[in-house]
Amino acid sequence: TPPVRNICCVGAGYVGGPTAAVIAFQNPHIRVTVVDRDERRIRRWNSQHPPIYEPGLTDILRIARDGSKEVVLHNAPSKHDASDSVSSGLTTPPSDAESNCAGNNRLIRVAARQPNLFFTTDIARSISEADVVLIAVNTPTKNRGVGAGSATDMAAFEAVTAVVAQHARPGAIIVEKSTVPCRTAQLVYQTLSLHRPGVHFEVISNPEFLAAGTAIKDLLYADRILIGSSNTPAGYRAASALADVYAAWIPRSRIITTNVFSSELAKLVANSMLAQRISSINSISAICDATGADVDEVASAIGADPRIGSKFLRAGIGFGGSCFKKDVLSLVYLAETLILPEVADYWRAVINMNEFARNRFVSRVIRCLNNTLAGKKVTVLGYAFKKDTNDTRESPALDIIRTLEEEGPREIAIFDPCCIPTQMTDEIGRFVRKDVLKENGGPVAVYADVYAACEGSDAVLITTEFDEFKSPTGKEGLAIPVKQKTRLTDPRPFEQPEPKENELLALHSYLVSDSDTDDPLGRLYPVPACDDECPDCQVERTT
Ligand code: NAD
């Protein structure tokens, strides 16, 4: 198999964009084109304000897309994206860069290079020029028809497969980057042979393990790259060609090759087991609240056992995001279709426990406020599903806002450091109801300033674990204006009395989600891509 010279990635979303950008960044000799049918999304990828926020992403784009001659990355944490270089791990330069430190700044000089990363809507042409086509489109849960509520909606994936079949050059390697049900590769082969009978393509499974908020770091320092292929000489050659692309920066020992179905299933299992740990510790949290045991102490005691490990053991309001729930449900559906009801029930319990954790939190908030929110202001800090991302899909905050709104509060004030206020307002109007918004006479108000959001509030709920929310009275965190007294932890029956009237309650219930990130720098506000005035950012998410 000749070396890969041209890659086309279909889907310019949270996975396609960053993954293609890092592949291009690490392989200056490969031309990488990202295509999407969403013109507005592509326009933003070509602007100074990419449609998604990821620490370090703008630096990678500056090098691979813009072909900068020299890039200077600053080590000092600041409000601006220069600080992203540190948390994204970009201070480890690409192999062709020089680096030296000067005071607080680390200068990284990247050798002059031509742009090799492109974003376009010209899907057919880009596919026809590629040696490798990565399919990275969305695969959400089906919401109608057979399997609604648990099966994977393969409409976008299948549509792209048909387009790829029509335009790909003979011998092109077709890669499943999207998370797909086990045995999808077989369907891809069938679609390809239906549209291009007699033409040979290899189908590879190469699932993505990055987590929103740490995508660039996860891609640069991947624990493993999983490549599944058919067990044939042509399959092995295709797997090896793709492995060479990753080997530009990932040690060969971390590139795992398997059969194609193992690779597809491994992605579902990885997310399901991570979700299961969160549900497990949340179930224990409920026992702790009723007994006086402390769930954080229990977690650190059990996490010291290397067979258990300490990560993903933080109790909270459960997992959110576009992946965990849908991937567990996909596993549930797979088990059901294989007539394995016990297996399906086992994994469905993970979802049930997640919902229980979220409901338990909101009930406690309402109980702490004397079972009525009438006339009260409640502040929700954090709207994205986890820190350092503007991804709001399946965010627990939205569910919490919905439940709080039913209690008839005077105001629900919302603030998020990564999301753009106009987009949050628009989304709440669509997913809850238009008339809950302040502008339509309802209680929900989105703030651009955290202190204004907290001003005069009866309770401050921390629903996303942004660092700036971590120590409300500490130097690095947020100084919440306190009416009488700030309570920093969840009220526990054996430790703390009920709050007094008008007491400000800061309920820390950090969301535990796709990754355990311990950013040692504790940055202050990671600013959103740009302000409301920017025409590029007036574009709303469409997926
Ligand atoms: P996304 O919704 O952000 O992006 C998908 C993109 O595909 C959209 O821009 C959409 O316009 C485009 N698209 C859809 N149909 C198309 C078509 N017919 N032609 C061209 N473009 C089309 O989704 P995402 O979060 O990037 O997820 C993509 C896949 O990666 C999913 O299968 C997901 O499960 C998986 N995944 C996601 C994450 C994550 O953190 N978001 C992590 C690992 C894996």
Next on the checklist: Can you report the number of residues in the stretch 9-53 which are outside any helix (DSSP H, G or I), within 11 Å of the ligand (Cβ to nearest atom) and farther than 10 Å from Leu117 by Cα?
Outcome noted: 13
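Just to be sure, is Val343 part of a helix (DSSP H, G or I), at pLDDT below 95 and assigned by TED's automatic domain parsing to the domain that holds Arg314?
no
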Next on the checklist: Considering only the stretch 304-311, I want to know if a residue exists there that is under 24 Å from Asn390 (Cα atoms), touching a residue at least 12 places away in the same chain (Cβ under 8 Å) and away from the ligand (no atom under 16 Å from the Cβ).
Outcome noted: yes
Item to check | Single residue of Ala357, Ala349, Ala374 found to be surrounded by fewer than 19 Cβ atoms within 10 Å (Cβ to Cβ), of a type outside the set (D, E, K, R) and touching a residue at least 40 places away in the same chain (Cβ under 8 Å) | outcome: Ala349
Checklist outcome for this item: Within the stretch 195-212, restricting to residues that are in contact with a helix residue (DSSP H, G or I) (Cβ under 8 Å, 6 or more places away or on another chain) and small (Gly, Ala, Ser), the one that is farthest from the ligand (Cβ to nearest atom) is Ser205
Next on the checklist: Looking only at residues that are assigned to a loop (DSSP other than H, G, I, E, B) and modelled with pLDDT under 95 in the stretch 200-221, which one is surrounded by the fewest Cβ atoms within 10 Å (Cβ to Cβ)?
Outcome noted: His200
Item to check | Residue among Ile339, Ile366, Ile317 that is more than 16 Å from the ligand (Cβ to nearest atom) and crowded, with 24+ Cβ neighbours inside 10 Å | outcome: Ile317
Checklist entry - Does the stretch 386-396 contain any residue that is within 16 Å of the ligand (Cβ to nearest atom), assigned to a helix (DSSP H, G or I) and surrounded by fewer than 24 Cβ atoms within 10 Å (Cβ to Cβ)? => result no
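The values are calculated or read from the model by the stated rules, or taken from the named source; none is laboratory data. Just so you know, these numbers come straight off a predicted model, no measurement behind them. Cβ: placed from backbone, ideal geometry, glycine included. Neighbour counts: every protein chain shown.
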